[in-house]
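So the structure is just underneath, and the comments pick up after that.
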Amino acid sequence: MATPKRRNTLRRHGIEPQDARAARAAALDALARRDYAGEELRRKLLDKGYDSAVVSALLEALGAEKLVDDRRYVEHFIAYHAARGQGPVRIRAELRKAGPQGLLIEECLGAFPDWILHLQKARQKKFGAELPNNYADKQRQARFLGYRGFTSAQIRSALGIDIALDSNAEEI
């Protein structure tokens, strides 16, 4: 509940915390610009000063109208960031900040088919089409791809690093 001083400040800025129509207009305005996860939109509306009960009811209604859909948000987020050359580890971390549930994130990441293809495109864009032929270049490219959020198994596969050789080297 907003204190009287905060309520006066909100009213001065044209925001009535209990005004469901204004909250809906603000939500639709935000959704017109880009897709939001439900929790992300909740934080945005609460930061603007709308009452949490009004925001909860609004998000439920927007979800029923399919204007806010966490699954769609996660799928688009993954496709967009993968196309930018980011891997599943980095995308997972970014999605957790936005607020969708962990199970939904894991399900959508697992269903995304083209991680190796996007890894190869990111590697080629940075280093060229030819695979590295010495250990130092492989390590440099592996560090880059690791920073981009690809798993070590994906990196080894794309760079042609023999897993059996690496495991033998660790045993020595």
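The values are calculated or read from the model by the stated rules, or taken from the named source; none is laboratory data. Bear in mind that the values here come from a model prediction, so they are computed numbers and not experimental data. Counting neighbours? That spans all protein chains shown, and the Cβs are built from the backbone with ideal geometry, glycine included.
What to note about this one:
- Residue 167 meets each of the listed conditions (1) at pLDDT below 85; (2) of a type outside the set (A, V, I, L, M); (3) within 17 Å of residue 81 (Cα to Cα); (4) assigned to a helix (DSSP H, G or I) apart from (3).
- Count of the range 10-30 residues which are modelled with pLDDT of 90 or more and not small (Gly, Ala, Ser): 4
- Answer residue from the range 24-35, given it is touching a helix residue (DSSP H, G or I) at 6+ places or on another chain (Cβ under 9 Å) and either farther than 16 Å from residue 64 by Cβ or of a type in the set (Lys, Arg) (or both) and is surrounded by the fewest Cβ atoms within 10 Å (Cβ to Cβ) among those: 30
- Filtering the range 40-66 to residues that are under 21 Å from residue 108 (Cβ atoms) and buried (at least 16 other Cβ atoms within 10 Å of the Cβ) leaves 40, 41, 42, 59, 62.
- From 43, 84, 96, residue being in contact with a helix residue (DSSP H, G or I) (Cβ under 8 Å, 6 or more places away or on another chain) and basic (Lys, Arg): 96
- Being in contact with a Pro (Cβ under 6 Å, 6 or more places away or on another chain) and part of a helix (DSSP H, G or I) is a property that residue 109 has.
- Residue check for residue 16: assigned to a helix (DSSP H, G or I) and either closer than 25 Å to residue 148 by Cβ or free of Cβ contacts under 8 Å to residues at least 60 places away in the same chain (or both): no
- Residue in the range 40-54 that is closer than 20 Å to residue 153 by Cα, assigned to a helix (DSSP H, G or I), touching a Phe, Trp or Tyr at 6+ places or on another chain (Cβ under 9 Å) and of a type in the set (D, E, K, R) present: no
- Of all residues in the range 142-158, none that is in contact (Cβ under 8 Å) with a residue 12 or more places away in the chain and outside the structural domain of residue 85 (by TED's automatic domain parsing) has its Cβ atom under 9 Å from the Cβ atom of a residue that is surrounded by fewer than 20 Cβ atoms within 10 Å (Cβ to Cβ) and not charged (D, E, K, R), 6 or more apart or on another chain.
- Flag for residue 74 being in contact with an Asp or Glu (Cβ under 8 Å, 6 or more places away or on another chain), part of a helix (DSSP H, G or I) and among the hydrophobic types (A, V, I, L, M, F, W, C): no
- Identity of the residue in the range 72-82, over 16 Å from residue 101 (Cα atoms) and of a type outside the set (A, V, I, L, M), that ends up farthest from the chain's Cα centre (by Cα): 80
- Sole residue being free of Cβ contacts under 8 Å to residues at least 24 places away in the same chain and touching a Phe, Trp or Tyr at 6+ places or on another chain (Cβ under 8 Å), chosen from 97, 126: 126
- Flag for residue 85 being under 22 Å from the mean Cα position of the chain (by Cα), surrounded by 14 or more Cβ atoms within 10 Å (Cβ to Cβ) and not in a helix (DSSP H, G or I): yes
- Some residue of the range 136-149 being of a type in the set (Ser, Thr, Tyr), closer than 29 Å to residue 40 by Cβ and surrounded by 14 or more Cβ atoms within 10 Å (Cβ to Cβ): no
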